Amino acid sequence: MKPEIFVLPHQQIEKHLQAAVRRVLPEADPTHVLLRPCPDVRFGDYQCSALMALAKARRINPRQLAAGVMAGLDVRAWCESVTIAGAGFLNFRLKTSTLAETLQAAARGEHLFFTKTAAARCIVVDFSSPNVAKPMHVGHIRSTDIGDALQRILRLLGHRVITDNHIGDWGTQFGKLLLGWKEILDRAALERDAITELERLYKVVNAACDADPQRLEAAKHELVKLQAGDAENLAIWKEMTRLSQVQFDAIYNRLGVKFDVTLGESFYNAQLPDVVRDLVARGIARESEGAMGVFSDGSVPPKEDVFLVNRDGEWVADPALVQKSDGGFNYTTTDLATIDYRLKTWSPQEIIYVVDDRQSGHFKKLFATFARWQPEAARRVRLVHVGFGKILGDDGKPFKTRSGETVKLGELMDEAQERAFRVVSEKNAGLDEAQRRTIARVVGLGAIKYADLSPNRQSDYVFSWDKMLALSGNTAPYLQYAYARIQSIFRKAALSHEDRVVAAITLEQPAEVALAKHLLNFGLALETAASEYRPNFICTYLYELAGCFTSFYETCPVLKAESAARQASRLHLCDLTARVLKLGLEVLGIDVLEQM
Ligand code: ARG
């Protein structure tokens, strides 16, 4: 393990605070004694609320504990004051000189207000995971954006991350697709737009199957042949998968999303019979109406039992199915084999699944089944479902096109760029078209991503072009604009980076101090976003940062500062703000522009 580095004042204070706690309560685990930004800046810059829990567990007076800890705490090197507040909070106010020194170290490039974690984990991030032969639609944006942001944040903090796109490339739909391919495929249409043609095949055959049981039998027959390894069907299936992947990749390229591995469901086919056999042998799965399922083992109260549901006041079985009556395997079976493979291949401490909240039942049962199947391994890994809500239209119903169809992701991105182009052209008629197109791409795609990342991921949100493309408010264009505006200050100042590095930072105006304090909290925003799997913390942080910057810029002249030293100091503040904005947007998967 790498030595811990405490470059930031709150880390230094935290270290001393933990030592002080250890002196007063030698038996306590002080690792949860942490500092967070103080919710009300009138009381301090950082706050520690952990002493109250320690006191409660020991039935001692929390204010007394706080007083005892404070008596043995010397943080005068960084703090102007430490106070006990309320029921036993500790509030810390930084010295302005500490702020200035921390900023100066950042200006020298020693840090950017965050440090790599001292406890790096190996984390598999399962996200995006669209299905073959279906277009990626608006529902896939959330998994793709949130998953990509999380993996970027985790990597930045020094974790070892493996991203895995668990493509839906196997399943009963292939029976119908194969039948369609063999009977009604339009080659020219396939060349033009493979997924649209595959989607058409599926729809036509599916309707035919609904109307005619013989067609359904024929489709099932194709599926059985595929599963038995029939060469022709395998070749067609491979081609369908390849063609779909080409389109997925085109979208990922536009979004700037990359995966370390893409191991679709089919990758685990060979393991599935063994998974079921093993579950049965261990008494975890059993037969029921011809199928195989995992049922409640009665080890927890019904309320907490994921294998039970309450129907009209009665608890009834809600098993996790692992094999169908026709011998086919289920989504859960594949996911069990997938966990097994991931643990054996990468030994991760954590696997996170960025998937729609509607699948929360699946993941609860999956995790519970895995814990029963491989209890030893399950203790070593944290399995987390990072769920999210829906995107809604103006009418409060799931977002659809005007004609009521699902919105294709590619088309949505086109429209974002087109709309951004119109806005940019209005504002910047002087720029040539190629420049305006570039700006429109970065702004348009950034706007969609940010609109998706900035709400709490579990709430539904209403999709609104006007809101997401607005140059004011909590939007990507607003933050990109804030960044570009700072770059324009430097163009006007015509100063080289070296000129700035030598200058000292002085903080005198309240707006300067407020901006400096907010800069210092970048790392805490990253850490909270990572530990709660919530990129929206970074959005809020950046939005507030842009607000602090605006207040600073309105009250503290930069280019017209009263002295060269003052100007250089303020230019540092501008530069550090720009760097944090840029990196903060980058971990959200959003680019910045030097000029807008
Ligand atoms: N392909 C699935 C869907 O579109 C999502 C897969 C999520 N990942 C997983 N390991 N189950 O619903």
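The values are calculated or read from the model by the stated rules, or taken from the named source; none is laboratory data. In this text the structure is predicted, and so the values were computed from the model without any measurement. Backbone-built Cβ (ideal geometry, glycine too); neighbour counts: all protein chains shown. Accessible surface is based on the protein model in full, side chains and every heavy atom, while ligands, DNA and RNA are left aside. Shrake-Rupley method; radii C 1.70, N 1.55, O 1.52, S 1.80 Å.
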*Would you check if Thr345 is within 14 Å of the ligand (Cβ to nearest atom) and either within 21 Å of Thr144 (Cβ to Cβ) or of a type outside the set (D, E, K, R) (or both)?*
no
*asked:* Against the condition closer than 28 Å to Thr144 by Cα and in a loop (DSSP other than H, G, I, E, B), how does Ile505 come out, does it pass?
replied: no
_First in the stretch 343-357 and under 12 Å from Gly139 (Cβ atoms), second anywhere and within 12 Å of the ligand (Cβ to nearest atom) and open to solvent by 40 Å² or more (accessible area, probe 1.4 Å), Cβ under 9 Å, 6 or more apart_ = Val355/His385; Asp357/His385
*asked:* Can you tell me which condition Asp318 does not meet? The list is (1) under 30 Å from Thr345 (Cα atoms); (2) touching a Phe, Trp or Tyr at 6+ places or on another chain (Cβ under 7 Å), and all the others hold.
replied: (1)
*Do we find that Ala368 is more than 14 Å from the ligand (Cβ to nearest atom), assigned to a helix (DSSP H, G or I), in contact (Cβ under 8 Å) with a residue 40 or more places away in the chain and of a type outside the set (Ser, Thr, Tyr) in this structure?*
yes
*Out of all the residues in the stretch 366-386, which are open to solvent by 40 Å² or more (accessible area, probe 1.4 Å) and within 18 Å of the chain's Cα centre (by Cα)?*
Arg382, His385
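Just name the residue that is most open to solvent (accessible area, probe 1.4 Å) out of those in the stretch 126-160 that are within 16 Å of the ligand (Cβ to nearest atom) and charged (D, E, K, R).
Filtering first and then ranking leaves Lys134.
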*Restricting the search to the stretch 173-192, which residues are loosely packed, with under 14 Cβ neighbours inside 10 Å and either modelled with pLDDT of 95 or more or not in a helix (DSSP H, G or I) (or both)?*
Glu183, Ile184, Asp186, Arg187, Ala188
*Taking only pairs six or more apart or across chains, which ones have beta-carbon atoms under 6 Å, a first residue in the stretch 280-291 that is open to solvent by less than 40 Å² (accessible area, probe 1.4 Å), and a second residue that is at pLDDT below 95?*
Ala291/Lys324; Ala291/Ser325
_Filter result (β-branched (Val, Ile, Thr), assigned to a strand (DSSP E or B) and away from the ligand (no atom under 13 Å from the Cβ)) within the stretch 116-125_ = Ile123
*Could you tell me which residue of the stretch 348-365 is nearest to the ligand (Cβ to nearest atom), considering only residues that are outside any helix (DSSP H, G or I) and open to solvent by less than 20 Å² (accessible area, probe 1.4 Å)?*
Tyr353
*Which is among the hydrophobic types (A, V, I, L, M, F, W, C), touching a residue at least 24 places away in the same chain (Cβ under 8 Å) and crowded, with 18+ Cβ neighbours inside 10 Å, of Ala530, Ala493, Ala504, Ala565?*
Ala530
*When the stretch 106-115 is examined, which residues are found to be out of contact with any Leu (no Cβ under 8 Å at 6 or more places or on another chain) and either open to solvent by less than 10 Å² (accessible area, probe 1.4 Å) or within 16 Å of the ligand (Cβ to nearest atom) (or both)?*
none
*Just give me the residues in the stretch 318-340 being over 14 Å from Leu279 (Cα atoms), away from the ligand (no atom under 16 Å from the Cβ) and at pLDDT 95 or above, in sequence order.*
Asp318
_Just to be sure I understand, how many residues within the stretch 132-160 are free of Cβ contacts under 8 Å to residues at least 60 places away in the same chain and part of a strand (DSSP E or B)?_
1
*Looking at (1) surrounded by 21 or more Cβ atoms within 10 Å (Cβ to Cβ); (2) in a loop (DSSP other than H, G, I, E, B); (3) within 16 Å of the ligand (Cβ to nearest atom), which is the one condition that is false for Thr163?*
(2)
_Criterion first (within 33 Å of the chain's Cα centre (by Cα), over 30 Å from Trp237 (Cα atoms) and more than 16 Å from the ligand (Cβ to nearest atom)) does Glu287 satisfy it?_
no
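When residues of the stretch 166-175 are filtered for being within 13 Å of the ligand (Cβ to nearest atom) and in contact with a Gly (Cβ under 9 Å, 6 or more places away or on another chain), how many remain? Can you show your working first?
Within the stretch 166-175, the subset within 13 Å of the ligand (Cβ to nearest atom) is 166-171, 173.
Keeping just the survivors that are in contact with a Gly (Cβ under 9 Å, 6 or more places away or on another chain) gives 166-171.
Going through the stretch 166-175 one residue at a time, the tally reaches 6.
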*Return a yes/no flag: does the stretch 308-330 have any residue that is in contact with a Pro (Cβ under 7 Å, 6 or more places away or on another chain) and over 18 Å from Trp373 (Cα atoms).*
yes
_Selection within the stretch 251-266 - assigned to a helix (DSSP H, G or I), open to solvent by 40 Å² or more (accessible area, probe 1.4 Å) and touching a residue at least 24 places away in the same chain (Cβ under 8 Å)_ = Arg254
*Cβ-Cβ below 6 Å, separation at least six or inter-chain, first residue in the stretch 327-341 and in contact (Cβ under 8 Å) with a residue 24 or more places away in the chain, second outside any loop (DSSP other than H, G, I, E, B) and within 11 Å of the ligand (Cβ to nearest atom): which pairs?*
Thr332/Leu366; Thr334/Glu265; Thr334/Tyr268; Asp335/Leu366; Ala337/Tyr268; Thr338/Tyr268
